[in-house]
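Below is one structure; the comments refer to it alone.
The values are calculated or read from the model by the stated rules, or taken from the named source; none is laboratory data. Computed from a prediction, not measured in an experiment: that's the story for all the values here. Cβ sites come from the backbone with ideal geometry, for glycine too, and all protein chains shown count toward neighbours. Keep in mind that these areas ignore ligands, DNA and RNA; they rest on the heavy atoms of the full protein, side chains included. Shrake-Rupley method; radii C 1.70, N 1.55, O 1.52, S 1.80 Å.
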Amino acid sequence: MAISMPFFPLRNPFSRVLPPSCLQSRIRVRSGLVMRSSHGESVRENARIEGRESNGLELLYDGGYGTHSVIDYLDAATEMIRPDGGPPRWFCPVSCGRPMNGSPLLLFLPGMDGIGLGLILHHKALGKVFEVRCLHIPICDRTSFEGLLEFIEETVKLEHAASPNKPIYLVGDSFGGCLALSIAARNPSIDLLLILSNPARSFDKSCFRPWLPIVEAFPDQLHVMASYLLSFVVGDPIKMGMASVDSGLSPLETLDQLSRNLFSLVPRLVGGFADILPKETLTWKLGQLKSAASYANSHLHAVKAEVLVLASGKDNMLPSRHEAERLWNTLQNCKVRYFKDHGHALLLEDGIHLLSVIKGTNMYRRSRRYDSLSDYLPPTITELKVGNEKNRWFNLGTSPVMFSTLKDGKIVRSLAGIPNEGPVILVGYHMLMGLELAPLSEAFLREKNVLVRGIAHPIIFSEKAESPLQEMFPLDFTKLFGALPVSASNIYRLLSSRSFVLLYPGGAREALHWKGEEYMLFWPDQPEFVRMAAQFGATIVPFGAVGEDDMLQLVLDYNEQMSIPFMRDSIKESNKGITRLRTDVKGEIGNQDLHTPWIVPKIPGRLYYLFGKPIKTRERMEEMRDKEKANAVYLQIKTEIESMISYLKKKREEDPYRGILQRAIYHALCGSNHQVPTFEP
């Protein structure tokens, strides 16, 4: 039976209620959903009344993380749990703000608490690119599981009818994950994207379940003890306390702020759970959870939607790790991201940036198909900080040195010789395993505030790169910072949008080279990127990079692995079904078999980069149309890169800080933020 209900105001500062005049003239109300008007306007259109307009996202924009904490969740929950006699309803958190034009709808389906504030740490980040609505189920409401499904389903169908070409995101937390799976099973023809945080489908296998009869049998006076146990089972208090600790503090300052957070948080958690889930409500919710898990399990075969499972390694309530593996093996289109150090309440813990996970898995889109250019969202300042932290020891150990060439031919230690505006193509040598990528991308962001869009092998974006317990770093960060599959159309579109493009003509063969092939270029004969650059008047900047031989020792290369039967079979099997590049190129340059070189690290030396004098094709557009002249430029670029590699190999011998010991002493004396000196170019 469908449930018809009004849009109830919520007593908390995180939900936005429209003024009565707007309700009368701009919207219709039906079944708890603020419907679109006959002019196609939604709740968000009323943001214009407040004088806000949608703006595009800037590079390294503020994602809004660190502004809310679990304490804010508990404060808002205290207001929202007051009985009002109302049924389940949707609300739009004020802190989400107004999203970009054309943003898709995101419906948050809460866990057992039912409050709908489980995304409070993510409201500002998600609100920039989604129209966020959260489901609130009052603590005294006794709507059946089937009734909740019908209510959510009606919302999904109405939104789909209003915008049939837009996807609808269902973010389900625990119990909400079962709701999301059930909705997807019942509506296979609607374009749904499911994001499931520790879904409770495996509730029957929970180690917590044998204790439930005891918890349910607690007298009312002892229910606070059940809440006490529940508060420590649901999440990691330390991770929750860290969510509001300021970044950039010293270890002692961090410890002090965390201690104060825990001192105020832990008592609030115990009391908060007792208020949010009183005994009668807890008993009802547990019954609902059993029904939800049973329904989701029996209808899993009907789920056709794209699914992203977020699984915690320290979930004390559910076997989330094993559940993620089962879903990955069962569902047709499923990705998993595994967070080994986090608990059940994943979305309320520090270090989890939901929007970054969505972006890193290429699951953010505004139409039926993902577009690597129009759907791409630039990295946030938080993502840059996280990336820098992940690469911190690598950068400290290698102390990358960047040189560029000015118009007059002078070499300087900076990126001053590189144009500030695109379109620009950076063409260079691909080190073993792509060691040069992260420092290069970071340097352009830091010095020139420019995002370099790397052209990468399609395997990075395919199902072959996925695994049932895949953690987020590093492939997801490659996508976060602009990588997209190699294709002529992608390069064409990047240049037409005046982007900075990073191109390696040597491709995988160069990045996975064999013994004795360090610093050799494996370029094909076709000068197509030169002619395409000329078509858009793009500037070509060749560059060389050295240092891999000071960092890695190649133990088993491709030839040696292919001579070992079981390794040869593994390589052949892993290369089945992948997109083959350069199928028209013969010989070693066309050998694009992917494999994992066996390497051992060395005591790290140093990475050196030299960007050559920019080649402006705008002044030679007519000339470049001739294939022979374009080929001459192509060979000139290749020769320049080989010369730059030779130059760096020779000059690094003059660097007094090439060794890590000398750099460590310098850092100890001057601090890690100081730039380590090098040779004079």
Options 404, 414; residue that is in contact with an Asp or Glu (Cβ under 7 Å, 6 or more places away or on another chain) and either in a strand (DSSP E or B) or of a type in the set (S, T, N, Q) (or both): 414
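Pick out the one residue from 494, 521, 484 that is touching a Lys or Arg at 6+ places or on another chain (Cβ under 9 Å), surrounded by fewer than 22 Cβ atoms within 10 Å (Cβ to Cβ) and not hydroxyl-bearing (Ser, Thr, Tyr).
Values: 494 fails: surrounded by fewer than 22 Cβ atoms within 10 Å (Cβ to Cβ); 484 fails: surrounded by fewer than 22 Cβ atoms within 10 Å (Cβ to Cβ).
None of the other options fit; the residue is 521.
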Hey, could you check segment 413-465 for residues that are more than 20 Å from residue 496 (Cβ to Cβ) and touching a Pro at 6+ places or on another chain (Cβ under 6 Å) and say which is surrounded by the fewest Cβ atoms within 10 Å (Cβ to Cβ)? 458
Taking the stated definitions as given, is residue 110 of a type outside the set (A, V, I, L, M, F, W, C) and either open to solvent by less than 30 Å² (accessible area, probe 1.4 Å) or within 19 Å of residue 194 (Cβ to Cβ) (or both)? yes
Members of segment 355-390 found to be surrounded by 18 or more Cβ atoms within 10 Å (Cβ to Cβ) and assigned to a helix (DSSP H, G or I), listed by number: 355, 356, 357, 358, 359, 360, 382, 383, 384, 386, 387
On the basis of being open to solvent by less than 20 Å² (accessible area, probe 1.4 Å) and modelled with pLDDT of 95 or more, does residue 538 make the cut? yes
Meets criteria (under 30 Å from the mean Cα position of the chain (by Cα), open to solvent by less than 60 Å² (accessible area, probe 1.4 Å) and farther than 27 Å from residue 629 by Cα) for residue 556: no
Just name the residue that is surrounded by the most Cβ atoms within 10 Å (Cβ to Cβ) out of those in segment 57-105 that are β-branched (Val, Ile, Thr) and part of a helix (DSSP H, G or I). 70
By residue number, the members of segment 119-132 that are open to solvent by 10 Å² or more (accessible area, probe 1.4 Å) and under 18 Å from residue 71 (Cα atoms) are 121, 124
Is it true that residue 579 is in a loop (DSSP other than H, G, I, E, B) and under 18 Å from residue 509 (Cα atoms)? yes
Of all residues in segment 301-341 being free of Cβ contacts under 8 Å to residues at least 40 places away in the same chain and buried (at least 16 other Cβ atoms within 10 Å of the Cβ), the one that is farthest from residue 355 (Cα to Cα): 331
Selected residue (criterion: least open to solvent (accessible area, probe 1.4 Å)) from residues of segment 137-166 that are within 27 Å of the chain's Cα centre (by Cα) and farther than 17 Å from residue 185 by Cβ: 159
Looking at (1) over 16 Å from the mean Cα position of the chain (by Cα); (2) in a loop (DSSP other than H, G, I, E, B), find the lone condition where residue 472 falls short. (1)
